[in-house]
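Visitor: Please read through the structure below; I'll follow up with questions.
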Amino acid sequence: MTKLQFNQGRFFEDFKLGETIVHATPRTITEGDAALYIALTGSRHIVHCAQPVAHSLGFADKTIDDLLTFHIAFGKSVPDISVNAVANLGYAEVKFQHPVYAGDTLTTETEVIGLKQNSSGKNGIVFVRSTSVNQNHKAVLSWVRWVMVHKNNPDAPAPEAVVPELTQVVSAEELVIPAELDAKDFEASVTGSSRFWEDFEVGERLNHPAGMTVDDSDHTLATRLYQNNARLHFDDLMMQQSAFGKRLMYGGHVISVCRALSYDGLENALFIAAINAGTHANPSFGGDTFYTWTEVLEKWPLPGRADLGALRLRMVGLKNQTADSLDSTHIDIDGKRQYHPNVVLDLDYTVLMPRKA
């Protein structure tokens with residue numbers, strides 16, 4: 001009898017510096033995916049919700065939410081990159097390059113750009129750069145992430161340590177503005193907010209008032225929507241043996257929940273143009289309640305654009321503690337400056353926002 005060989009995913013010792021991996025199962029995004037995403041996050045960003053508004057801004061149709069695009073493209077890489085992950089650690093150089101519509105099909109490939117075994121010898125950090133293209137081979141999204149991955153054989157030799165140098169911020173000149181986007185006639189009434197790019201001040205902090213409790217069923221369904229099959233999000237029996245003792249929530253879904261909560265105060269942030277850096281500071285679990293605050297880091301006019309400006313923002317996600325009840329993301333623990341245990345997300349990202357006429 002032939003013994004079936006199942007894909008176990010890659011362990012740390014299976015990665016080779018410089019290799020390119022073309023990921024399987026391209027994904028056609030549908031209107032149903034977009035509707036389910038709204039049901040799971042409560043997202044209200046107008047260009048992804050209202051076709052007439054999208055038309056008024058120059059688009060052929062309402063576009064797929066930037067983060068849904070990211071999660072689906074990211075999910076394609078999971079079976080080859082992080083199905084055996086300990087944790088996804090961070091992001092950099094995330095560039096949204098082309099609008100995605102229902103009916104578009106995304107395919108993702110990844111280059112391994114860094115490797116570093118941890119001192120325990122039981123796992124290591126893999127640095128990768130991924131690109132997702134549509135059915136016309138147009139790049140829609142690219143990103144760098146680093147993930148801690150288990151070793152299958154603890155005795156496998158450690159590779160030469162290579163940690164890539166990454167750009168800290170995607171500059172205004174590097175942002176890709178959709179060619180069709182024209183916001184000069186944007187009507188604030190469609191979002192209910194009259195705050196435009198000029199109305200924000202560098203250093204200002206917005207404590208978004210709403211909270212959202214995410215149950216196990218919510219984050220499990222969301223992670224299935226993204227086709228992210230990492231075991232630590234699904235296999236409760238396996239995770240009972242881990243240090244956490246239960247399944248972890250996919251950190252990308254935490255980003256989506258916090259972004260949805262930040263709508264109150266950032267109603268006119270039309271698109272995410274880039275994610276500059278991101279840290280999942282502490283794990284999240286089913287039953288956690290999330291709150292968010294946003295800090296304005298920089299304001300950039302865009303070259304040749306009088307209708308749009310860019311805001312570089314810092315989005316901080318908290319679990320089980322309101323935004324206005326915590327002054328800082330960090331506290332001193334045993335003489336070391338560390339993230340507060342209720343801080344789950346620290347994300348540096350850039351949005352496009354209409355300017356006043």
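The values are calculated or read from the model by the stated rules, or taken from the named source; none is laboratory data. No experiment lies behind these values; they were computed from the predicted model shown. Note that each Cβ is placed from the backbone with ideal geometry, even for glycine, and that neighbours are counted across all protein chains shown. Heavy atoms of the whole protein, side chains included, go into the accessibility calculation; ligands, DNA and RNA do not. Shrake-Rupley method; radii C 1.70, N 1.55, O 1.52, S 1.80 Å.
Visitor: So what is log10(I(q)/I(0)) for the range 133-224 at q = 0.16, 0.20, 0.25 1/Å, when the Debye sum runs over its Cα atoms only?
Guide: Treating every Cα as an identical point scatterer, log10 I(q)/I(0) equals -1.34, -1.27, -1.24.
Visitor: Checking the a/c ratio against 1.5 first, then a/b against b/c, what shape does the Cα gyration tensor give for the range 2-76?
Guide: Since a/c reaches 1.5 and a/b is larger than b/c, the shape of the range 2-76 is classed as prolate.
Visitor: Take the Cα of Thr289, step 7 Å along the line toward its Cβ, and report every residue of the range 302-342 whose backbone nitrogen sits under 15 Å from that point.
Guide: 318-326
Visitor: So between His150 and His137, what do we pick up on full extension, going 0.36 nm a residue minus the alpha carbon distance?
Guide: Numbers: separation 13, 0.36 × 13 = 4.68 nm, distance 3.33 nm.
My answer for the length gained is 1.4 nm.
Visitor: Label the range 1-153 by shape, choosing from rounded, prolate and oblate, from the square roots a ≥ b ≥ c of the eigenvalues of the Cα gyration tensor; if a/c is under 1.5 it is rounded, and otherwise prolate applies when a/b is larger than b/c, oblate when it is not.
Guide: It is prolate, given that a/c is not under 1.5 and a/b is the larger ratio.
Visitor: First check a/c for the range 254-294, with a ≥ b ≥ c the square roots of the eigenvalues of its C-alpha gyration tensor; if it is under 1.5, answer rounded, and if not, answer prolate when a/b is larger than b/c or oblate otherwise.
Guide: Verdict is oblate for the range 254-294.
Visitor: Over the chain, with every protein chain in place, what whole percent of the accessible area is carbon and sulfur at 1.4 Å, could you tell me?
Guide: Using a 1.4 Å probe with all protein chains present, the chain comes out at 50 percent carbon and sulfur.
Visitor: Here is a further query. Could you please put Asp65, Asp215, Asp199 in sequence from largest to smallest accessible area, using a 1.4 Å probe?
Guide: Asp215, Asp199, Asp65
Visitor: Can you give me the angle between helix 251-261 and the longest principal axis of the chain, using Cα atoms only, in degrees from 0 to 90, rounded to the nearest 10?
Guide: Approximately 20 degrees, to the nearest ten.
Visitor: Angle between the Cα long axis of helix 216-225 and the longest principal axis of the chain, 0 to 90 degrees, nearest 10?
Guide: Long axis of 216-225 versus the principal axis of the chain: about 90 degrees.
Visitor: Would you please give the FRET efficiency between Asp264 and Asn118, computed as 1/(1 + (r/R0)^6) with r the Cβ-Cβ distance and R0 = 45 Å, to the nearest 0.05?
Guide: 0.65
Visitor: Right, something else. Which value, in nm² and rounded to one decimal, describes the direction-averaged projected area of the C-alpha convex hull of the range 234-357?
Guide: 9.5
Visitor: Does anything in the range 169-192 have its amide N under 20 Å from the 7 Å Cα→Cβ label point of Glu298, and if so which residues?
Guide: Residues passing the 20 Å test: 169-178.
Visitor: Quick one: 3J(HN,Hα) in Hz for the range 285-302, Karplus 6.51/-1.76/1.60 with θ = phi - 60°, rounded, Gly and Pro as x.
Guide: 9, x, x, 5, 10, 9, 9, 9, 10, 10, 10, 8, 8, 8, 10, 10, x, 9
Visitor: Any idea of the accessible area per residue across the chain, 1.4 Å probe, to the nearest Å²?
Guide: Value returned for the chain: 43 Å² of accessible area per residue.
Visitor: If the cut-off is a Cα-Cα distance under 16 Å, which lysines reach Lys95, setting aside same-chain residues fewer than 8 apart in sequence?
Guide: The reachable lysines, counting only those whose Cα sits under 16 Å from Lys95, are Lys138.
Visitor: Lys356: which lysines have alpha carbons under 22 Å from its alpha carbon, excluding same-chain residues fewer than 8 sequence positions away?
Guide: Lys184, Lys299
Visitor: Follow-up. Stokes-Einstein D for the range 123-167 at 10 °C, 1.306 mPa s, Kirkwood Rh over Cα pairs, in µm²/s? Let's see the in-between values first.
Guide: Values: Rh = 13.0 Å.
So the translational diffusion coefficient is about 122 µm²/s.
Visitor: Right, another one. Considering every Cα-Cα pair within the chain, what fraction, in whole percent, is farther apart than 29 Å?
Guide: Value for the chain: 40 percent of Cα pairs lie more than 29 Å apart.
Visitor: Something else: Please report the projected area of the range 60-125's Cα convex hull averaged over all directions, in nm². Walk me through the numbers before you get to the answer.
Guide: Values: hull surface 22.3 nm².
Averaging across all directions leaves 5.6 nm² for the Cα convex hull.
Visitor: Give me the lysines in straight-line cross-link reach of Lys116: C-alpha distance below 18 Å, same-chain residues under 8 apart excluded.
Guide: Lys16, Lys151
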